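The values are calculated or read from the model by the stated rules, or taken from the named source; none is laboratory data. Keep in mind it's a predicted model, so treat the numbers as computed, not measured. Positions of Cβ are generated from backbone atoms using ideal geometry, with glycine treated the same way; all protein chains shown enter the neighbour counts. These accessible areas exclude ligands, DNA and RNA; they are computed on the full protein's heavy atoms, side chains included. Shrake-Rupley method; radii C 1.70, N 1.55, O 1.52, S 1.80 Å.
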Amino acid sequence: MKLKFDFNNMMDAFIGDEGISEKEIDGMREAAKDAYSYLEKNRGKGWMGWTELAYNQKDIVADIIYTAAEVRAKFKNFVVLGIGGSALGPMAVYNALCHLRYNELDADKRGVKFYVEDNVDPERMQSLLDVIDVKETCFNVITKSGATSETMSQYLIITDLLKRKCGKDWAKHIIATTSESKGNLIKLAKEEGFKTYFIPDGVGGRFSELCPVGLLPAAVLGIDIIGMLRGAANMDNAANSSDPYKNAPLMAAVLQYLAIKKGKNISVMMPYADSLKLMADWYCQLWGESLGKAADLDGNTVHVGQTPVKALGVTDQHSQVQLYTEGPFDKVITMIGVEKFRKDVTIAQGAEQFPDVNFLCGHTMSELINTERKATEYALTRSKHMNRTILLEDVCAESIGELMMFFQLETAYCGKMLNIDTFNQPGVEEGKNATYAMFDRKGYEAKKAELESAKQKQAKYII
Ligand code: PA5
């Protein structure tokens with residue numbers, strides 16, 4: 001395993017009364033066993049299709065690798081059209097496993113340029129169109145539901161352009177990744193003859209990185225997707241005990257559950273590596289959308305959840321860490337450390353006459369970033385703020401697979417402990433439906449009437 005989970009600083013032995021005792025963990029043994037058995041019994045069933053992705057996609061992976069090579073040979077750009085779970089995973093993996101300035105590299109040092117349009121900001125769309133030529137671009141439209149307004153508008157803008165600029169071959173510029181059985185994208189794909197990949201049933205958006213949603217963009221970028229799946233399988237296989245001391249994601253979930261009960265309503269995800277910066281965005285959706293629920297499975301109103309916040313080490317030491325060390329005791333801070341960076345840079349000599357600067361000379365930047373991580377860990381612990389560290393041996397396809405599977409398992413275990421539906425998102429649906437109503441979509445007349453009868457804003461409150 002390339003991932004280690006260090007939870008020393010969650011414990012009362014290190015942070016006193018703010019921490020968690022071994023007795024409290026022992027008190028969670030039954031709940032942990034239940035969560036573990038629930039996941040084991042329901043593997044691959046209902047919305048738990050994601051548990052099997054590391055094992056059941058051999059044929060698809062072969063097809064994806066073949067298609068990815070074709071894309072690289074035929075196109076100069078690869079653009080993902082998608083949002084939420086259909087965009088955050090591809091972005092996080094691109095950021096983690098490609099050169100940090102990938103698109104800016106000379107063409108002979110990289111593959112196709114890569115973009116993900118995960119918004120409907122008109123300036124963003126126009127800026128994309130300013131830097132790509134659609135005739136040289138492959139667009140991967142990703143939407144599980146095949147209905148999301150943002151993705152379908154991106155799709156419509158792009159297909160209109162393609163039809164005008166590429167003539168009869170325009171459909172060859174599109175690869176659709178969607179549900180086989182529902183939504184409009186699959187109908188369009190069949191009608192227009194797009195190359196299509198299916199998002200397996202039972203795999204929700206935020207749990208979909210390890211199916212074609214994430215695998216195709218990664219493969220196009222030349223990322224070792226078999227290694228990613230192997231890493232996910234390694235983590236899954238290591239999480240094979242109902243004893244939290246022998247199952248890292250289960251222990252992580254137990255600690256977060258206990259932390260939530262102690263009023264730690266915020267989960268800060270703070271990687272100490274730029275390559276993992278977008279992994280925090282991906283985590284925020286996974287944790288926030290899965291656990292933030294109004295009702296529990298027995299119909300009680302509970303309004304649970306833990307607000308995920310993204311931060312970056314060391315950058316946010318100079319922005320957020322003041323709050324984390326001296327502010328309210330309402331957070332769990334998770335640092336992600338990297339033992340061995342893929343590149344290192346030595347801090348040059350040249351400040352002999354300035355001892356306050358000279359102490360840095362001759363050290364490497366990886367030494368500095370890791371020392372600052374440990375120093376921040378010390379400061380957080382000294383100020384008795386709950387913190388934990390996920391340590392990766394290095395950042396590679398395998399460790400990223402492990403990390404993503406770790407968080408998915410932690411989320412699913414914690415959702416079970418909270419007795420909520422981890423896999424739905426009624427709050428997101430409400431916003432989607434209100435948008436449809438405001439745009440006068442057929443079938444949403446009642447919602448429109450509801451919106452019109454809602455309290456209207458008062459001018460006196462707008463100044
Ligand atoms: O996790 C989820 O299911 C959501 O966040 C979706 O990923 C998001 O709403 C996009 O949905 P779709 O893939 O259906 O376009």
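Where helices (runs of 4 or more DSSP H) sit wholly within the stretch 93-204, those with at least 2 residues that are within 16 Å of the ligand (Cβ to nearest atom) and open to solvent by less than 10 Å² (accessible area, probe 1.4 Å) occupy 149-166, 184-192.
Inside the stretch 27-80, residues that are at pLDDT 95 or above, farther than 30 Å from Tyr245 by Cα and not hydroxyl-bearing (Ser, Thr, Tyr) make up a count of 19.
Is there a residue in the stretch 225-232 that is open to solvent by 20 Å² or more (accessible area, probe 1.4 Å), in a helix (DSSP H, G or I), closer than 27 Å to Asn103 by Cα and within 16 Å of the ligand (Cβ to nearest atom)? Looking through the stretch 225-232, none of the residues is open to solvent by 20 Å² or more (accessible area, probe 1.4 Å), in a helix (DSSP H, G or I), closer than 27 Å to Asn103 by Cα and within 16 Å of the ligand (Cβ to nearest atom). Screening Phe359 on (1) among the hydrophobic types (A, V, I, L, M, F, W, C); (2) in contact with a helix residue (DSSP H, G or I) (Cβ under 9 Å, 6 or more places away or on another chain); (3) without any contact (Cβ under 8 Å) to a residue 40 or more places away in the chain shows it passes everything except condition (2). So which residues in the stretch 415-444 are more than 16 Å from the ligand (Cβ to nearest atom) and closer than 19 Å to Asn265 by Cα? Matches in the stretch 415-444: Lys416, Met417, Leu418, Asn419.
Among the residues of the stretch 21-40, those identified as farther than 16 Å from Thr411 by Cα and open to solvent by 40 Å² or more (accessible area, probe 1.4 Å) are Glu22, Lys23, Glu24, Asp26, Gly27, Arg29, Glu30. Taken as a whole, the stretch 437-448 holds no residue that is at pLDDT below 95, on the phi < 0 side of the Ramachandran plot and under 20 Å from the mean Cα position of the chain (by Cα). Against the conditions (1) out of contact with any helix residue (DSSP H, G or I) (no Cβ under 7 Å at 6 or more places or on another chain); (2) in contact (Cβ under 8 Å) with a residue 60 or more places away in the chain; (3) away from the ligand (no atom under 16 Å from the Cβ), Lys293 satisfies every one except (3).
Which number in (1) closer than 30 Å to Ile223 by Cβ; (2) exposed (fewer than 14 other Cβ atoms within 10 Å of the Cβ); (3) of a type in the set (D, E, K, R) marks the one condition that Glu52 misses? Glu52 satisfies every listed condition except (2).
Answer yes or no as to whether Leu409 is hydrophobic (A, V, I, L, M, F, W, C), within 17 Å of the chain's Cα centre (by Cα) and open to solvent by less than 70 Å² (accessible area, probe 1.4 Å).
Judged against the criteria, Leu409 is a match.
Filter the stretch 259-290 down to the residues that are open to solvent by 20 Å² or more (accessible area, probe 1.4 Å) and more than 16 Å from the ligand (Cβ to nearest atom) and list them by number. Listed by number, the residues that qualify are Ile260, Lys261, Lys262, Gly263, Asn265, Ile266, Asp274, Lys277. Do we have any residue at all in the stretch 234-243 that's free of Cβ contacts under 8 Å to residues at least 40 places away in the same chain and outside the structural domain of Thr177 (by TED's automatic domain parsing)? The answer is yes, given that some residue of the stretch 234-243 is free of Cβ contacts under 8 Å to residues at least 40 places away in the same chain and outside the structural domain of Thr177 (by TED's automatic domain parsing).
Considering only residues that are over 14 Å from Tyr257 (Cα atoms) and open to solvent by less than 30 Å² (accessible area, probe 1.4 Å), look in the stretch 5-20 and name the one that is farthest from the chain's Cα centre (by Cα). Among residues in the stretch 5-20 that are over 14 Å from Tyr257 (Cα atoms) and open to solvent by less than 30 Å² (accessible area, probe 1.4 Å), the one farthest from the chain's Cα centre (by Cα) is Gly16.
With respect to (1) more than 16 Å from the ligand (Cβ to nearest atom); (2) open to solvent by 40 Å² or more (accessible area, probe 1.4 Å); (3) under 28 Å from Glu402 (Cα atoms), the lone exception for Ile83 is condition (1).
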